[in-house]
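Chemist: A single structure is presented below for examination.
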Amino acid sequence: MFRQKTGLLFFLLLLSVLPFTHGQDIFISNTQNRTFTSLNGKWKYVLDPYETGGMGGMPLYKNAQSHQKTDRVEYSFDQAQTLWVPGSWNIQQPELTYFEGAVWYRKTFDKHNIDKSKRYFVNIGAANYISTVSFNGKILGKHEGGFTPFSYEVTDLIQEEGNFLIVGVSNARKVDYIPSKVTDWFNHGGITRDVQLIEVPQTFITNYFISLDKSTLTQKTKRINGQLELNGEVLPKHARIIIPELKHTQEIKVNKEGVTDFTVEVSRLELWSPENPKRYQVIIEAGEDKISDQIGFRTVETSGKQILLNGNPIFLKGICLHDENPLRQDRANSMEDAKLVLDWAQELGCNFIRLAHYPHQENIVRLADEMGILLWEELPLYWGINWGNPEVLNKAKAQYAELIKRDYNRASSIIWSVANETAPTTDRTQFLSELVDYVREMDDTRLISAACKKDQELDGHPDSVYTYSDPLMSKLDVISLNEYLGWYGGLPEACRTKSFQTKIEKPIIVSEFGGGALQGFHGDSLTRWSEEFQEYLYKESIAMFDRIDGLAGMTPWILVDFRSPLRQLPDVQDGWNRKGLISEKGEKKKAFYILQNYYLNKEVN
Ligand code: GCB
């Protein structure tokens, strides 16, 4: 949790960093279980390729209208076309397929029966990448980061009729952004997740962080650690924590500062695990506010080269995933989208998914909690990050703070990964070490990892033994390796002679391996792009990785083919990375069954 002893100090530190970088009023978690009006649906839009829409005498957020014949207004939301929210703009209009720049969205709405005793917030689940948010002509702020939620207060601005929310979203790629300029995924632009108008009492519960205390795992009476954050001018003296199924109601004394640590002692607590994804309803009441959540209780830690879930060694039978619905070709944004891919993962025999390479929609994390699938989550600290710029580190911290606040209470989420395939320069190692400390300070209930590179990739030295000595590894709980031998180097049979070595006594996850195949294209096992080549590669790769001492899991690349502008081979890729075990139409390739068979028979080492 936000660690008990240092919680308040850390919270104050956080406040001093966040407004500076990510620009939102107050982070509000569990928005779907609050009172809200959905602002999803059709929004009017105006294109702004040169990103000048917020400037000049008639900026777009003013929603200017022409009233008489002499008026000069050079845009019109009223006459504009619409885009659906949530959704990527790229798939909605042919002219926007590869559009990179700004689009200004406008939603108008009435809000009858405004309750003066309430506060109102606009909450945006995600908008890629920078958003300028305005309400009724007033700029509320700018938010940076394409995959995490943010909210702004509109209590003093909201009217019974004629409200207009205007959001300028830019998906331009820049070197000081996270991700940076080049990625191997599609740059979906726009408001990609739900938009809500949230209604809360004057003083309300912003966030809460609830977890099982590791030190009581083996005891009959277990301790649950919690922290409650309230916002409002007048704080109630007490709050209540209720867990109906355990017949537990507890009054806690609220701190003057609004951030209160508490503990709850319970007996007969059933633990959450993939075999038994037990969740309890937890209700928190504070003054006039009340919020309910479904929370699972588990511990995760390492012991030598093993990962322990609830004290027992576990092998993570995983797969990587992008946050896309391949059938609609859109960013995923609903429970149905989440269910489509989690059902496939379960059919594959997985108990674990790597949500690559950025925070996925909250629905998938909630559904994983319900279905009993463990998760790895990460930020897009990917190729080409400008490690030397302290501003970029601040952005990474801000994005991580938002992700941790959103998903802290989800038992399924067990690993935070801080980076993917980054070369260990001094600047990078300093940046990531500081980020690891930051993440650990916020959340000590999960493991920290990063996908590391082998030494040979750095010095070009070919060898039958791959060695790993990235200095970042000493900061991590779990070492993760991406390795494409047989696809990017050599042929699959090269896997037979390789072995892996690291001096560090920690569990190892193979966080990526794989190769491309066009579903339905057949050849022999040496024909590139054929299902047979991919099948052969999986057989050889799995046999090689299975020999690693300390292998605690794997997440091959990747469950489903995904869109990527880097992949242009005609009639094979056509804009899709073909390393999926399932095609974009939902058809399984041969390699799917190789991995399925391995997982079916795999036991904990
Ligand atoms: C990688 C990256 C992943 C790519 C993949 C590939 O190492 O982490 O984002 O998509 O390789 O297909 O080359």
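Chemist: Kindly indicate which of R547, R578, R567 is in contact with a strand residue (DSSP E or B) (Cβ under 8 Å, 6 or more places away or on another chain), open to solvent by 30 Å² or more (accessible area, probe 1.4 Å), within 14 Å of the ligand (Cβ to nearest atom) and basic (K, R).
Modeler: R567
Per-residue answers, yes or no, for (1) open to solvent by 10 Å² or more (accessible area, probe 1.4 Å); (2) among the polar types (S, T, N, Q); (3) within 14 Å of the ligand (Cβ to nearest atom):
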residue: Y488; (1), (2), (3): yes, no, yes
residue: P492; (1), (2), (3): no, no, no
residue: C495; (1), (2), (3): no, no, no
residue: F513; (1), (2), (3): no, no, yes
residue: S525; (1), (2), (3): yes, yes, no
residue: W529; (1), (2), (3): yes, no, yes
residue: E540; (1), (2), (3): yes, no, no
residue: A543; (1), (2), (3): yes, no, no
residue: G553; (1), (2), (3): no, no, no
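Chemist: With the checklist (1) of a type in the set (G, A, S); (2) more than 16 Å from the ligand (Cβ to nearest atom); (3) in contact (Cβ under 8 Å) with a residue 12 or more places away in the chain in hand, flag the one item S583 doesn't pass.
Modeler: The one condition S583 does not meet is (2).
Chemist: Looking at (1) closer than 21 Å to L340 by Cβ; (2) in contact (Cβ under 8 Å) with a residue 40 or more places away in the chain; (3) hydrophobic (A, V, I, L, M, F, W, C), which one does W529 not meet, given that it meets all the others?
Modeler: (1)
Chemist: Kindly establish whether S541 is of a type in the set (S, T, Y), touching a residue at least 40 places away in the same chain (Cβ under 8 Å) and under 23 Å from A494 (Cβ atoms). Let's see the steps before the verdict.
Modeler: Working: of a type in the set (S, T, Y): yes; touching a residue at least 40 places away in the same chain (Cβ under 8 Å): yes; under 23 Å from A494 (Cβ atoms): yes.
In short, yes.
Chemist: If you go through region 183-195 one residue at a time, do you hit one that is in a strand (DSSP E or B) and surrounded by fewer than 20 Cβ atoms within 10 Å (Cβ to Cβ)?
Modeler: Scanning region 183-195 turns up no residue that is in a strand (DSSP E or B) and surrounded by fewer than 20 Cβ atoms within 10 Å (Cβ to Cβ).
Chemist: Of the residues that sit in region 134-162 and are part of a strand (DSSP E or B) and under 22 Å from the mean Cα position of the chain (by Cα), which one is nearest to E391 (Cα to Cα)?
Modeler: Among them, the one singled out is E144.
Chemist: While we're looking at this one, here's another question. It is to be established whether one or more residues within region 157-169 are open to solvent by less than 20 Å² (accessible area, probe 1.4 Å) and either within 16 Å of the ligand (Cβ to nearest atom) or under 30 Å from R567 (Cβ atoms) (or both).
Modeler: yes
Chemist: Tell me the helices (runs of 4 or more DSSP H) entirely within region 370-474 that contain at least 3 residues that are within 16 Å of the ligand (Cβ to nearest atom).
Modeler: In region 370-474, 455-459 are the helices (runs of 4 or more DSSP H) which contain 3 or more residues that are within 16 Å of the ligand (Cβ to nearest atom).
Chemist: Something else about it: Is one or more of the residues making up region 440-450 at pLDDT 95 or above and either among the small types (G, A, S) or in contact with a His (Cβ under 9 Å, 6 or more places away or on another chain) (or both)?
Modeler: So far as region 440-450 goes, yes, one or more of its residues are at pLDDT 95 or above and either among the small types (G, A, S) or in contact with a His (Cβ under 9 Å, 6 or more places away or on another chain) (or both).
Chemist: Would it be correct to say that D477 is at pLDDT 95 or above and either open to solvent by less than 40 Å² (accessible area, probe 1.4 Å) or within 16 Å of the ligand (Cβ to nearest atom) (or both)? Reasoning before the result, please.
Modeler: Numbers: at pLDDT 95 or above: yes; either open to solvent by less than 40 Å² (accessible area, probe 1.4 Å) or within 16 Å of the ligand (Cβ to nearest atom) (or both): yes.
Yes.
Chemist: Quick one: count up the residues across region 346-369 that are of a type outside the set (K, R), open to solvent by less than 10 Å² (accessible area, probe 1.4 Å) and either farther than 23 Å from N310 by Cα or within 16 Å of the ligand (Cβ to nearest atom) (or both).
Modeler: Of the residues in that region, 9 qualify.
Chemist: Suppose the filter is crowded, with 20+ Cβ neighbours inside 10 Å and over 22 Å from V478 (Cβ atoms); does A411 pass it?
Modeler: no
Chemist: Which residue is farthest from the ligand (Cβ to nearest atom), if the candidates are limited to region 142-156 and must be surrounded by 20 or more Cβ atoms within 10 Å (Cβ to Cβ) and hydroxyl-bearing (S, T, Y)?
Modeler: Of everything passing the filter in region 142-156, Y152 is farthest from the ligand (Cβ to nearest atom).
Chemist: Give the residue, chosen from V182, V175, that is of a type in the set (A, V, I, L, M) and away from the ligand (no atom under 16 Å from the Cβ).
Modeler: Exactly one residue qualifies, and that residue is V175.
Chemist: Name the single residue that is surrounded by the fewest Cβ atoms within 10 Å (Cβ to Cβ) among those in region 85-102 being in a loop (DSSP other than H, G, I, E, B) and in contact (Cβ under 8 Å) with a residue 12 or more places away in the chain. Give the steps one after another, and end with the answer.
Modeler: In the first step, residues of region 85-102 are kept if they are in a loop (DSSP other than H, G, I, E, B); the result is 86-88, 92-93, 97-101.
Checking the rest, the ones that are also in contact (Cβ under 8 Å) with a residue 12 or more places away in the chain come to 86-88, 93, 98-101.
Values: P86: 22, G87: 20, S88: 25, Q93: 15, Y98: 11, F99: 17, E100: 14, G101: 16.
Looking at residues that are in a loop (DSSP other than H, G, I, E, B) and in contact (Cβ under 8 Å) with a residue 12 or more places away in the chain, I get Y98.
For every residue, the table says whether it meets (1) open to solvent by less than 60 Å² (accessible area, probe 1.4 Å); (2) in a loop (DSSP other than H, G, I, E, B).
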| residue | (1), (2) |
| --- | --- |
| Q24 | yes, yes |
| I28 | yes, yes |
| Y50 | no, yes |
| G54 | yes, yes |
| Y75 | yes, yes |
| D78 | no, yes |
| L83 | yes, no |
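Chemist: Right, Y129: crowded, with 20+ Cβ neighbours inside 10 Å and either at pLDDT 95 or above or touching a helix residue (DSSP H, G or I) at 6+ places or on another chain (Cβ under 6 Å) (or both) or not?
Modeler: Spelling it out, Y129 is indeed crowded, with 20+ Cβ neighbours inside 10 Å and either at pLDDT 95 or above or touching a helix residue (DSSP H, G or I) at 6+ places or on another chain (Cβ under 6 Å) (or both).
Chemist: Here's another thing I want to ask about it. Please work out which one of (1) without any contact (Cβ under 8 Å) to a residue 24 or more places away in the chain; (2) under 29 Å from the mean Cα position of the chain (by Cα) is the condition F36 fails and give its number.
Modeler: Single failed check for F36: (1).
Chemist: Could you check how many residues of region 477-527 are acidic (D, E), closer than 30 Å to G575 by Cβ and within 25 Å of the chain's Cα centre (by Cα)?
Modeler: First, the residues of region 477-527 that are acidic (D, E): 477, 483, 493, 505, 512, 524.
Filter once more, keeping what is closer than 30 Å to G575 by Cβ: 483, 512, 524.
Narrowing the set further to residues that are within 25 Å of the chain's Cα centre (by Cα) leaves 483, 512.
Looking only at that region, the number is 2.
The values are calculated or read from the model by the stated rules, or taken from the named source; none is laboratory data. Keep in mind that what you see is a predicted model, and the values were worked out from it rather than measured. In this analysis, Cβ positions are derived from the backbone assuming ideal geometry, glycine residues included, and neighbour counts consider all displayed protein chains. Note: accessible area is taken over every heavy atom of the protein model, side chains too, but ligands, DNA and RNA are not part of it. Shrake-Rupley method; radii C 1.70, N 1.55, O 1.52, S 1.80 Å.
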